[in-house]
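I have placed the structure first, in the form of structure tokens, so that the comments after it can refer back to it.
Derivation of every value follows stated rules applied to the coordinates shown; laboratory data play no part. The shown structure was predicted, so the numbers you read here are calculated from the model rather than taken from an experiment. Methodologically, a virtual Cβ is constructed for each residue, glycine included, from the backbone with ideal geometry; neighbour enumeration extends over all protein chains shown.
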């Protein structure tokens, strides 16, 4: 039932199904996007979001019986070229840009594609690229090589490239996953500009707050089935999370008072030229300390200074009362610190290698036999111990890590670090790129580890997250710790205001 | 200007070293900066430079080719067979050599693309196959019986100095210049060239943008094949005979020169200028050692050291960037 | 898991197909010529294989770590030169066992030093291994030519014949040396911390660094050990030919790479095993000896090696296609 006064539809899908070797990726899904609308596609990993995008852009053919209408025209079969010609563009999470080419060349690249050789018309391309950036209200150096730009600006380049191809319906796959709060705000502003210019945007994101902020309507998918289409007005994050996961998520503050426990990590007057200024902090036994602040506040640098990846200029770090000054990660591990870096996909795990090797990589010393060789028996025992401890769902330990789902990969990273039997665990942005259901699992694990006596320093730029899950919250800005909060007596809203201000 | 320096750091640094080298040699020897020396330098390096720009195209597209020098020998042998039957001239000769070279290049492209195998594996295989078959069929024998047009010296520039010594440029240098200009046009000024860079830079992104990967492989390896064939033709003109194993082993030196000139193993980066500088750097070093009266047995040793120092120093100043990036933790 | 798959897991998926190839090649040549399955031919193969085998081991570990060592041949040559000079200094044919031991130690030191320099440049400066080893190759070749002026150095004590041509309980000494080296390599790669790090670094060096593996030390060690085994090959070559010439074995350089790829070593690094590489070496040796016996010259076997690698790549691709098609259905 369509209202006669409603704006025309950019995309209308009816009864869309897609089966891969007997598995239903999508089952009888209906989906529509109005012209110029910002529409959010929500759901956990594996719910069918990417499959839907791939069907619309012609990468996959739908199962028979589906109806597809693009800008009012019935489509029987879509090819990628056809989709692009109709004005459909996808901005994938990896952006698919060319790092060594200039901004202008990246924006105008699609005009160069083709088998027939033509001369490159640099001046015309530059002008066109500048015009598109103008339309977005953005200023970038057209001649800068792309790899000199921060991710946020690369996003802009990707959007400009889509517009250059006269896109009228743009899919954005997790565009904010690696952006900071302020960068995200900038991107959302650009998305609004697009929508004002009549371009429909389908936004895929795990961050519920921004979904509710930017979209007019949200379509929720779960296990390949349509849960429903909802207006974002009046929708809450909690409700949306429940729709996506199909279960109730707890949203209560978990903080405990651990001030009576002995200190595990004591940092005093730590400074790192230009990054960290005179930071002192304590993390106690069984305590989860949240460290929040904007990117560039020096949170990650502080962690790097503690584990010895960067040499602090001044200050002392004590672990269990003993001063330490690790020179590299190896020494930090030895001292009893485990650091789970933010970029788990490319830095935390060695994707093509096996689950077992990834699990024991940091504890080779513990699985040696009498002559100092790696003992297969001990290795197997170590792996199965941690896999069952963290309930990782795997096929065979010799399968590559890349064969696991995102949530299970998370668990393997944790297993790898917990196997080092650390005294202190530093988690850098543990939920970046993780879907709502799996986030809850991560925090449950964090809480359980703390109960077992581990001291945990949790870095995150999502204030809600730290307030909900930490025992104490430190606010960092400009390389300094500017405030300390007790989650039980702090209001999330006021704190967000202070951090994001 | 600053952008030029920042955008092409390897080229600029190499140019500076080269200029310093030339000034040094001009001051310490009185033979370096003479027309005779410079023309012979160019004559001796025309073949290498033709190969170098051909290889550059493959490197930019993200591949590598080990087989081109041996392929040039195969082209020489096949062309010689053709010229025994058909009367020819240079134009015809270049067409024949290009055609044979193109075929050999396309074989590489077809195997690499068809079986989805990395280029180094396939080209090492074809390197062995081409060389083995060539030696098998020629039985390692040289061919001296070549048409006159092929072996006659043709000079495109001649000059007699006051003391009566001649300095001249071979036809090879002219052909080399044409090859260099054409390659520069291909990679800089055509959409095909931009797609080659894109494919080397981000293969997956290029594929998704609709770049015809198969065509790009054909262009890259085909171009190198053509260049290999033409260089083979020129080399016969200089050597006056076809020796089946004469070019064996030259591929690695050309590779070193091209990479020294800033082309990135892995694709997406590299310029014709850098290529020229890389070849000249090795040529002038060798020439300078010669003029300085250093034992020819020491040449290779010193050139090896020079390359090692060159790559070490160019990497030293680069290495700080990734480290800072690691600290930010955001950029891939 | 089926027993077949379990065996495949234990020895690596490349091993069984290569073993089948080995048998096919052996049977084919046995049928083609009665000379193939003779003790004489088998023993000549056993004497020839180790040289290429040791050099291939030297090439293998750098490839596993995502690099390449193009200097293997000249490292072997220069190491052989160190041995030769020591022997000459102690009287050439009259030199004693002590001189040989001293010379061998020097040779090993020279090989390790060449590798160490490459390793340091690769690890601490971050230069591309292809370029570093290429420069080292050019340097070592130049050094060798400078020192020998392109000539041979010969006249070694007769007892060195034992190493080059002798046998122990009927097994050729070179083969014993190679077998021991291959076993050591197997254990090093599968059971030691260094070997573990090699594979991890080959797949993702930064993630390895973040996981606390000593990446720089490992890279340095990889090339040093590669240089060391090159020196062993150099000593063996000196013993077999009773002379050292710089440039000897030059043609084997790319064959070592070919053998690694044939043995299923991933060209990008991270994956590969010793056993299939040894099988690949045996196949290459059989092809070469067999073709020689039926009257083809040695160059044809070079061509056949290349074509064989292409054929294996095609088969692997084909197998992969079929598997994926099955999946789709």
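So here's what we get for this one:
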read-out	value
Sorted by Cβ neighbour density within 10 Å, fewest at the top, the residues A:480, A:439	A:480, A:439
Descending principal axes extents, chain C, alpha-carbon based, whole Å	74, 58, 33
Over chain A, volume per residue of the alpha carbon convex hull, in Å³	179
Ranking of B:265, B:27 by count of other Cβ atoms within 10 Å, fewest first	B:27, B:265
Of all DSSP beta bridges in the stretch A:263-500, antiparallel share, percent nearest 5	55
Theoretical FRET efficiency, 1/(1+(r/R0)^6), r = Cβ-Cβ of residue C:44 and residue A:334, R0 56 Å, to 0.05	0.55
Helical mean residue ellipticity (222 nm; -39500 (n - 2.57) per DSSP H run of 4+; nearest 500) of chain C	-25000 deg cm²/dmol
Globularity index of chain B, i.e. its alpha-carbon radius of gyration over 2.2 N^0.38 Å	1.04
Counting DSSP beta bridges with both ends in the protein assembly as shown, the antiparallel % (nearest 5)	60
Solution diffusion estimate, µm²/s, Stokes-Einstein, the stretch A:263-500, Kirkwood Rh from C-alpha pairs, 25 °C, viscosity 0.890 mPa s	134
Percent RCO, i.e. relative contact order, over the stretch A:263-500, from Cα pairs under 8 Å lying at least 6 residues apart	31
Calculated FRET value between residue A:280 and residue B:28, using beta carbons and R₀ = 41 Å, to 0.05	0.10
Taking only Cα atoms of the stretch A:434-501, radius of gyration then Dmax in Å	12.7, 36
Chain B, relative contact order [Cα under 8 Å, separation at least 6], %	33
Neighbour-count order for A:446, A:383, fewest beta carbons within 10 angstrom listed first	A:446, A:383
Prolate/oblate/rounded call for the protein assembly as shown, Cα gyration tensor, a/c under 1.5 rounded	prolate
Relative contact order (%) - criterion: Cα under 8 Å, at least six apart; region: chain A	16
Simple label model, 7 Å out from Cα along Cβ direction - residue A:327 to residue A:193, nm	5.0
Förster-model FRET efficiency, 45 Å R0, residue B:110 and residue C:184, C-beta, rounded to 0.05	0.65
Rough spin-label spacing in nm, given labels placed 7 Å along Cα→Cβ, for residue A:444 and residue C:171	5.7
Chain A: angle of helix A:376-389 to the longest principal axis, Cα-based, in degrees nearest 10	70
With Cα atoms, 0 to 90° folded angle of helix A:406-418 axis to chain A main axis	20
Helix-only mean residue ellipticity at 222 nm for chain B, each DSSP H run of n ≥ 4 adding -39500 (n - 2.57), per residue, nearest 500	-24000 deg cm²/dmol
Residue A:489 paired with residue B:81, simple spin-label distance in nm, labels 7 Å along Cα-to-beta-carbon	9.3
MRE, 222 nm, helices only [DSSP H, n ≥ 4, -39500 (n - 2.57), over chain A, to nearest 500]	-9500 deg cm²/dmol
Nearest-ten-degree value, helix A:181-196 long axis tilted from longest Cα axis of chain A	10
Cα gyration tensor shape for the stretch B:14-168, rounded if a/c is under 1.5, else prolate or oblate	oblate
